[in-house]
Amino acid sequence: MVIVDAESCIGCGICTHFCPVDALGGWGIIEIDREACTDCRECVGTCPMDALEVKS
Amino acid sequence: MKQVKCDVAIIGSGVGGTTSAALLSKAGYKVIVVEKLPFLGGRMATLDHHGFKINTGAAMIGDEIHGKLCREVGASLELRSPESTFTFRFRGKDYPSPHKSFWKTILSYAARDDAEAERAYRAFKNGIMWQEPSYSMSLDQWGRHFTDNPSILGIFHFLVLGIGINSYEIPAGEFFRQITEGAVMTWASPPLGCGQFSEALVGAIERMGGEVWSRCQALQIKTKDGAATGIVVQKDGEALEITAQAVISNAPPRKTVELAGRPLFDPGYLKDAAAIQGTPMICFKMATDKQFKGLEGSSSLSLVEQNRRIFLILDYSSICPEMAPKGKRLLEAAAVPVSIRPPYDFKKEVALAMQDLRNTIPDFERDVKILRINIAQGDWGVMGTLPGQTLPIKTPVYGLYTAGDRSAPKGWWCSLAAIKSGRLVAEDIQKRFKPA
């Protein structure tokens, strides 16, 4: 499961462009729509601040 | 570990990295640029959002500096200047941005009478032509010394909000040096957003034999006897050593220190590097079907004093209709927090900015769809550092340079600073290292 490290996320929105199912959103700090997220992990590695992490 | 060789290894594909890479490639150096993210350009990139072209940072660039660099390195770049004017709103009344005598005219819009306009213009001209005001006072303090007119003070405030800073937080001297050193007279955008500038530079680097790798994270800056010898990166799941005569880091200084190892840096450098801090901005990326009342025939609305947070609404579609799907327009509104120093209360800042948008755009709720509210701050700031607080291009490690807006001379700002810095690094490398 991908999680957002709220301490590191600055809300730049870069990751939202890489999610194929638009599961990343929120105004400012990123929130993950768990219903929509397919855990494809496309977003991991797109964050300039390394705030997206995979947690099992 | 696998090894490859080049003359100069560059960490980061932001403007500082691509500028130095393009200039060095032109001078015959073999460069390899590594970028950890899946796209190139850093805060000078454009990403797609359902057909809308969203800039990751820079919203406008200029022909005098960006265009000139592209011509110099053989990169082809189309730039479009707004044909229609920018509109300035003072006390609820709209004025077109002057084509000639910008300062004199804009100050006369704001002044209550001719004598006040003349006094303001003289003070401004003095700061440019005679004595640079001190770095020990803010721009706002400088302004209050000759006027109490909120519209005049508002002009200076507005002009620095664009770089993510309040007039009461920028040193007066820095503002004036920005005008005399790093000024750009004509603002423009490539048809598909500012990312096309980075794409043009990357294309030129590759044509000249350089390499630019995305999704390639730097793990270490290698040194021997206090001198940089290359970098280690993660490429396609494997560690790879890139040996080089010189290394340029376009990453934030704290990251550069971490990659090379703290013991190599003296306490003064570490202190200066730790003080580097980006400036914040909240950008509302918005879609609409039609241009709202107040922005017709214009490409942007500059809100000089009446709003609490939103100071600019830009209509990209009036310059580059390609940036939105057919029939739609792409707008961007920008706001700077009450203080550029953290901690920020973005929830409150967004709420105030939203109120401003409702007050400024008629039928906002009905006609405008917010695509994203993006926040720039910290290492992903509007500017990578506070004005006037920059590092030199050289680090204490021989052969290790930093390029980008955090290591430009005073008076240079945003992507102009990154280009200036990239140029200085490329020049210095050519003096010290010869291509193999």
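Computed over segment B:224-293, the P(r) tail beyond 18 angstrom holds 59 percent of alpha carbon pairs. In angstrom, the C-alpha Rg and Dmax of segment B:267-413 are 18.7, 59.
To the nearest Å, what is the center-to-center distance of segment B:170-192 and segment B:199-246, using C-alpha atoms only? About 31 Å separates the Cα centre of segment B:170-192 from the one of segment B:199-246. As I understand it, the value is the acute angle between the Cα axis of helix B:195-207 and the longest principal axis of the Cα atoms of chain B; what does it come to in degrees, rounded to 10? On a 0 to 90 degree scale, this one is about 20. Taking a straight line from the alpha carbon of residue B:26, these aspartates and glutamates sit under 15 Å away, with near neighbours fewer than eight places off in the same chain left out: B:7, B:72, B:206, B:211, B:427, B:428.
Hydrodynamic analysis of segment B:141-275 uses the Kirkwood radius over alpha carbon pairs. Inserted into Stokes-Einstein at 25 °C and 0.890 mPa s, it gives a translational diffusion coefficient of 127 µm²/s.
Its DSSP H runs of at least 4 residues, each contributing -39,500 (n - 2.57), put the calculated 222 nm mean residue ellipticity of chain B at -9500 deg cm²/dmol, to the nearest 500.
Straight-line cross-link reach from residue B:293 at under 16 Å between alpha-carbon atoms covers these aspartates and glutamates, not counting any fewer than eight positions away in the same chain: B:94, B:315, B:332, B:356, B:363, B:365, B:367. Entry note, segment B:239-328: relative contact order of 18 percent, from Cα contacts under 8 Å with a spacing of 6+ residues. For chain B, averaging the sequence separation of C-alpha pairs within contact (under 8 Å, six or more residues apart) and dividing by the residue count gives a relative contact order of 25 percent. Summarising the label geometry, the points placed 7 Å from Cα in the beta-carbon direction at residue B:136 and residue B:345 lie 3.4 nm from one another. With contacts taken as Cα pairs under 8 Å at a separation of at least 6 residues, segment B:100-183 carries a relative contact order of 32 percent. FRET efficiency for the pair residue B:338 and residue A:40, taken as 1/(1 + (r/R0)^6) with r the Cβ-Cβ distance and R0 = 35 Å, rounds to 0.35. The base-10 log of I(q)/I(0) for segment B:114-213, evaluated at q = 0.17, 0.24 Å⁻¹, reads -0.80, -1.28 [Debye formula, identical scatterers on Cα atoms, solvent excluded]. From the largest down, the protein assembly as shown spans 71, 60, 41 angstrom on the principal axes of its Cα atoms. Listed by chain and number, the lysines whose alpha-carbon sits under 24 Å from that of residue B:30, ignoring those within fewer than 8 places in the same chain, are B:2, B:5, B:68, B:222, B:224, B:235, B:394, B:420, B:431, B:434. From the alpha carbon centroid of segment B:84-147 to that of segment B:33-69 is 32 Å. Remark on chain B: Rg and Dmax equal 22.1, 73 Å (Cα only).
Here, each number is a calculation from the coordinates, and none is a lab measurement. Just so it is clear, the model here is predicted, and its values are computed rather than measured. Backbone-built Cβ (ideal geometry, glycine too); neighbour counts: all protein chains shown.
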